[in-house]
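The structure under discussion appears below in the form of structure tokens.
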Amino acid sequence: MVEGEEQNVYKELYRPQYHFSPPQMWMNDPNGLVYHEGVYHLFYQYYPEDIVWGPMHWGHAISDDLLHWKHRPIALYPDEHGFIFSGSAVVDKNNTSGFGVDEEIPLVAIFTYHLMEGEKQGRKDFQTQGIAYSLDNGETWKKYLGNPVIGNEGIKDFRDPKVFWYEDTQSWILSLVAGDHAKFYTSKDLKNWKYLSEFGKYNGAHGGVWECPDLFPLKVEGSDEEKWVLIISINPGAPNGGSGTQYFIGDFDGTSFTSDQKEPKWLDYGTDNYAGVTYNNTPNGDRIFIGWMSNWDYARDTPTKKWRSAMTVPRKLALKKNEDDYLLTNMPVKQINGLAASTLKKDINVPPKTSDTFKIDDLNQSQIDFTTASRNFKLIFSNDLNETLTLTMDSKSKGFIIDRMYSGKIDFQSEFGNKKHFMPFERTNSKPYEVIILMDWSSIEVFLDNGTYVMTEQIFPTKPYNMLVIENLDEQATIENGHIKHLKSIW
């Protein structure tokens with residue numbers, strides 16, 4: 001697509017206005033998230049010939065603010081080793097790979113090759129790991145002639161390498177997944193890899209295949225304590241069905257990741273945040289996450305015509321300690337605030353046991369936020385066709401519920417609108433907490449208590465919502481300091 005053409009096409013039915021989506025055709029996992037020389041790179045699983053999954057390429061977009069994206073040519077194409085599945089990218093500042101020429105710092109991509117012929121033959125070694133490099137900040141790529149750099153000794157699901165530089169040993173660390181667990185490798189040059197250890201056969205959720213690992217350190221908020229976080233996507237086996245992302249908190253010594261955590265913790269309780277990973281080499285060290293805003297239960301069937309799928313808004317991850325427990329939080333990056341073009345409604349205050357109704361045309365391109373200690377409230381979005389999306393905080397079930405069963409078009413797949421989605425919500429105090437809701441033309445993202453509780457869901461209203469009813473069913477707490485803001489399109 002020629003730069004600037006987006007203005008004419010990014011108005012289709014359901015097209016996200018402030019979430020990344022491809023100009024056309026199929027997209028899934030974010031890949032190769034890396035920052036270099038003022039540019040945030042977003043590579044992604046891409047099939048340029050249809051709006052359903054097919055032979056995977058790496059699509060490519062760039063941004064200088066994580067919000068406004070420019071589409072670039074396809075970065076990586078399938079070759080004799082197979083399709084180009086998910087992976088990561090690093091800035092090889094010390095030219096450990098030797099790919100750098102004339103002081104150009106190489107970007108190195110590490111990805112999974114998927115040899116479809118091998119899969120069809122019933123082999124188990126059809127996924128291997130390859131690398132490619134760029135000397136012009138991601139504009140063009142050359143694959144390493146020695147690919148694959150990690151072979152396969154017979155593991156069916158052996159994929160999704162995520163690499164980072166580990167200063168303590170002056171080496172690269174690679175995480176990948178092998179069916180029901182993660183494996184770790186090390187290298188001095190990104191070409192020759194040595195196996196280190198594994199994790200997870202007896203930890204966390206195992207309702208499906210593990211995918212898209214990401215290992216990184218985070219400081220615990222308000223302290224000097226540092227812990228390591230391992231993100232693992234799983235499909236199926238998420239708390240509300242289909243695809244989801246769990247995480248583990250533990251320690252890494254350069255060889256092994258260890259964690260006492262046995263039960264899964266979930267990054268997002270919604271059904272539409274999967275395969276997310278974080279950026280390497282961010283300018284201020286922030287841990288920035290982007291997920292694929294879909295679910296394999298129905299990803300191939302969603303009712304869009306020209307393109308399929310979008311990404312979550314970029315989110316900053318943080319680690320907090322709650323008594324003896326560690327929790328990973330995720331909140332929209334602060335740049336989102338700059339999209340607020342106007343305030344559609346301000347000073348929203350709903351006393352206990354009352355409700356308020358707001359008639360607003362721009363609800364499907366808005367941010368709704370308020371502060372409350374209420375444990376019982378509802379937000380009901382609706383349109384002129386009586387399609388409704390209901391968000392409920394319910395103290396009896398100790399949870400937050402999203403009901404999209406009557407939200408609009410749901411009949412494209414049986415799993416999409418067949419039940420309400422539940423997120424446990426428990427607080428040890430009665431202090432007010434913030435509620436932030438980001439609604440786009442076909443999605444809603446809910447962030448509670450500074451991102452401690454998060455849900456992401458796709459929605460497909462036949463017409464945009466233009467009515468919001470806020471019901472405060474609590475006996476004592478007020479919903480206060482509320483705003484509804486219109487967010488500008490990024491296209």
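Assuming R0 = 35 Å, what is the FRET efficiency of Ser342 and Ser397, from their Cβ-Cβ distance, to the nearest 0.05?
0.45
Want the number for Glu426 to Glu80: 0.36 nm per residue separation, take away the alpha-carbon distance, what's left?
Length difference between fully extended and current span is 119.4 nm.
With a/c under 1.5 counting as rounded, go ahead and sort the range 368-461 into rounded, prolate or oblate using the C-alpha gyration tensor (a ≥ b ≥ c being the square roots of the eigenvalues; past the cut-off, prolate if a/b is larger than b/c, else oblate).
Cα axes put the range 368-461 in the prolate bin.
Given charges of +1 on the Cβ of Lys and Arg and -1 on the Cβ of Asp and Glu, with all other atoms neutral, how large is the dipole of the chain about its Cα centre, in debye to the nearest 20?
The calculated dipole for the chain is roughly 740 debye.
Residue farthest toward the positive end of the dipole of the chain, with Cβ of Lys/Arg at +1 and Asp/Glu at -1: which of Thr390, Thr302, Gly270?
Comparing the listed Cα positions along the dipole, Thr390 ranks first.
Kindly put Glu434, Glu225 in sequence by how many other C-beta atoms sit within 10 Å of each C-beta, fewest to most.
Glu225, Glu434
With the cut-off at 20 Å, tell me which of the pairs Lys124/Lys265; Lys321/Lys431; Lys359/Lys419; Lys227/Lys320 have Cα atoms farther apart than that.
Lys124/Lys265; Lys359/Lys419
What is the dipole size for the range 1-143, taken about its Cα centre, with +1 at each Lys and Arg Cβ and -1 at each Asp and Glu Cβ, in debye to the nearest 20?
440
Relative contact order of the range 372-437, please, whole-number percent, based on alpha carbon pairs below 8 angstrom and at least 6 residues apart.
Computed over the range 372-437, the figure is 29 percent.
Taking a ≥ b ≥ c as the square roots of the Cα gyration tensor eigenvalues, with a/c under 1.5 meaning rounded and otherwise prolate when a/b beats b/c, else oblate, which class fits the range 6-332?
Rounded.
Can you give me the relative contact order of the chain as a percent, contacts being Cα pairs under 8 Å and 6 or more apart?
Answer for the chain is 14 percent.
Return a whole-number percent for the relative contact order of the range 125-196, with Cα pairs under 8 Å and 6 or more residues apart as the contact set.
Value for the range 125-196: 24 percent.
Expressed as a whole number of Å, what is the distance separating the alpha-carbon centroids of the range 421-491 and the range 54-123?
Cα centroid of the range 54-123 versus Cα centroid of the range 421-491: 36 Å apart.
Towards the positive end of the charge dipole of the range 1-127, with charges on Cβ (+1 Lys, Arg; -1 Asp, Glu), say which of Trp58, Val9, Asn28 has the farthest Cα.
Value computed over the given set: Asn28.
Would you mind working out the magnitude of the charge dipole of the range 435-477 relative to its Cα centre, with +1 at each Lys and Arg C-beta and -1 at each Asp and Glu C-beta, to the nearest 20 Debye?
Charge dipole, the range 435-477, about its Cα centre: 260 debye, nearest 20.
Here, each number is a calculation from the coordinates, and none is a lab measurement. Just so it is clear, the model here is predicted, and its values are computed rather than measured. Glycine also receives a Cβ, built like all others from the backbone with ideal geometry; neighbour counts cover every protein chain displayed.
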